[in-house]
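Here is the structure we will look at.
The values are calculated or read from the model by the stated rules, or taken from the named source; none is laboratory data. Keep in mind it's a predicted model, so treat the numbers as computed, not measured. Glycine gets a Cβ as well: all are built from the backbone with ideal geometry, and neighbour counts include every protein chain shown.
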Amino acid sequence: MKSVLRKFRKWILFCMVWGCFPLLLSGCGQSKAARFDSVDIAMGTVVVQQIYARQPLMQRPAGDGGGDIADRALARIRQLEQETLSRRIPGSELALLNAGAGGAPAPLSAKMEAILSDCMEVSEASGGAFDITIGKVVALWDIDAWAGSQMPADAQQLVNAQQPAYQLPDADALAEALASAGYGKLAVENRSVSIPEAMSLDLGAVGKGIALDELLGMLEEEQAAGAVISVGGSVLTYGEKPDKSPWRVGILNPADRAGNLGVLSLVGQWCVSTSGDYERYVEVDGIRYHHIIDPGTGYPAKSGLRSVTILAKDGFLSDALSTACFVLGREKGMELAGRFAVEALFVDEDGTIVMTEGMRAYFSPPDET
Ligand code: AMP
Ligand code: MG
């Protein structure tokens, strides 16, 4: 995946910088707060930042944590990935936990303990639709190798078409991997976790949301005036723009990623996460296999949805619930969103948009923006 991103890096950056990236729509304001823009790659996805920071906090000399506030934000989420969240980077806390599966209970950092406990809560509330213990299933599908929607659509198709070697996972292997999964078998207590043998954890469904929470902490520490930052399909808004107009976050049209279904107008701190079948997928014999797995079957969820967008104050919750609601489908997803008091917007396979009452206050169709 990294090599693919590298290959298309120039193209991706070009398209984004020149406005083909519809997610961040906030305008340029004139103000005393300096504006820092950055487009880069971290956590296997594209990170787009627009930060307004006050003097003199915005710039530090090289060597002192380095660069401007956007550079530091990027460094922070790369560190989060390398030290804590990545399943694939040897030496990250998650990789070490997985490597020790079947052994003695493993000690947890405070951060990982909080992440795992929060994940368990969402698993229970969603009846297992969200389940980080399906790491073996995710690995069998080889999701990390699939092209992501952060590429221009034709590049994504090209990369997928160049994967003739891709083999669907063997059904028996999937069944076996699924049998070793199950959040109920994971014991998180006394700052330690016991992972049964053959189980593997995957935090792909919450990594970007956790990154938003980390960025939020940093913006607060550095007393930034305002920011809109997208990490893949998850967006953080914070503070205000110099012209005081709302942040505008586009919701991609799953049927045509070149356009938005609508825009959320947000004031202050919010997290917006979208899970969609177009984000990461492969096509085999004309059938699309996407990256959101139903832990009940081990196969991509077929819940009648193309995407779910969650609006919450918290990055973790917005990311976890967008995945959970996608698996659950519209009706049960609505219920789950209500339990966590977040706003949700569902796009059905036929393009119908259904949203919570509260979401209406923020949403406007593209022609009204
Ligand atoms: P997202 O795009 O946030 O919906 O997350 C999808 C990613 O989370 C996948 O690439 C997998 O790594 C992982 N994943 C897929 N299905 C699930 C699930 N039902 N519960 C937890 N994690 C999942
Ligand atoms: Mg998610």
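As a summary of the residue check, Leu174 satisfies the conditions (1) within 25 Å of Glu83 (Cα to Cα); (2) in contact (Cβ under 8 Å) with a residue 12 or more places away in the chain; (3) not in a strand (DSSP E or B) except for the one numbered (1). One residue stands out among those in region 263-274 that are crowded, with 24+ Cβ neighbours inside 10 Å and in contact (Cβ under 8 Å) with a residue 60 or more places away in the chain: the one that is farthest from ligand 2 (Cβ to nearest atom), which is Leu264.
Taking the criterion of being of a type outside the set (Asp, Glu), surrounded by fewer than 20 Cβ atoms within 10 Å (Cβ to Cβ) and in a loop (DSSP other than H, G, I, E, B), the residues of region 189-202 that qualify are Asn190, Arg191, Pro196, Ala198. Residues in region 339-369 that are touching a residue at least 40 places away in the same chain (Cβ under 8 Å), among the basic types (Lys, Arg) and over 23 Å from Phe316 (Cβ atoms): 0 in all.
For (1) out of contact with any Asp or Glu (no Cβ under 8 Å at 6 or more places or on another chain); (2) over 24 Å from Ala114 (Cβ atoms); (3) touching a residue at least 12 places away in the same chain (Cβ under 8 Å), each residue gets a yes or a no:
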residue	(1), (2), (3)
Met218	yes, no, yes
Gly226	no, yes, yes
Ile229	yes, no, yes
Glu279	yes, yes, yes
Leu321	yes, no, yes
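One line per residue, one yes/no per condition, for (1) small (Gly, Ala, Ser); (2) modelled with pLDDT of 90 or more:
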{"residue": "Gln30", "(1), (2)": "no, no"}
{"residue": "Arg35", "(1), (2)": "no, yes"}
{"residue": "Ala53", "(1), (2)": "yes, yes"}
{"residue": "Gly66", "(1), (2)": "yes, no"}
{"residue": "Glu81", "(1), (2)": "no, yes"}
{"residue": "Leu94", "(1), (2)": "no, yes"}
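For region 126-148, a residue qualifies if it is farther than 21 Å from Ala171 by Cβ, at pLDDT below 95 and among the hydrophobic types (A, V, I, L, M, F, W, C), and exactly one does: Ala147. For region 211-245, a tally of residues being of a type in the set (A, V, I, L, M) and surrounded by 24 or more Cβ atoms within 10 Å (Cβ to Cβ) returns 9.
Among the residues making up region 71-107, those that are part of a loop (DSSP other than H, G, I, E, B) and of a type outside the set (A, V, I, L, M, F, W, C) are Ser86, Arg87, Arg88, Pro90, Gly91, Ser92, Gly100, Gly102, Gly103, Pro105.
The residue list Gly239, Gly250 contains one member that is more than 16 Å from ligand 2 (Cβ to nearest atom), under 19 Å from Pro365 (Cα atoms) and in contact with a helix residue (DSSP H, G or I) (Cβ under 9 Å, 6 or more places away or on another chain), which is Gly250.
So that you can scan it fast, the table gives a plain yes or no per residue for (1) under 20 Å from the mean Cα position of the chain (by Cα); (2) surrounded by 14 or more Cβ atoms within 10 Å (Cβ to Cβ); (3) among the small types (Gly, Ala, Ser):
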{"residue": "Gly315", "(1), (2), (3)": "yes, yes, yes"}
{"residue": "Asp319", "(1), (2), (3)": "yes, yes, no"}
{"residue": "Lys332", "(1), (2), (3)": "no, yes, no"}
{"residue": "Glu349", "(1), (2), (3)": "no, no, no"}
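Reported count of residues in region 321-330, each being near ligand 2 (Cβ under 8 Å from one of its atoms) and surrounded by fewer than 24 Cβ atoms within 10 Å (Cβ to Cβ), is 0. When Leu305, Leu264, Leu321 are checked against the criterion of being farther than 20 Å from Gly127 by Cβ, modelled with pLDDT of 95 or more and touching a Phe, Trp or Tyr at 6+ places or on another chain (Cβ under 7 Å), Leu264 stands alone in meeting it.
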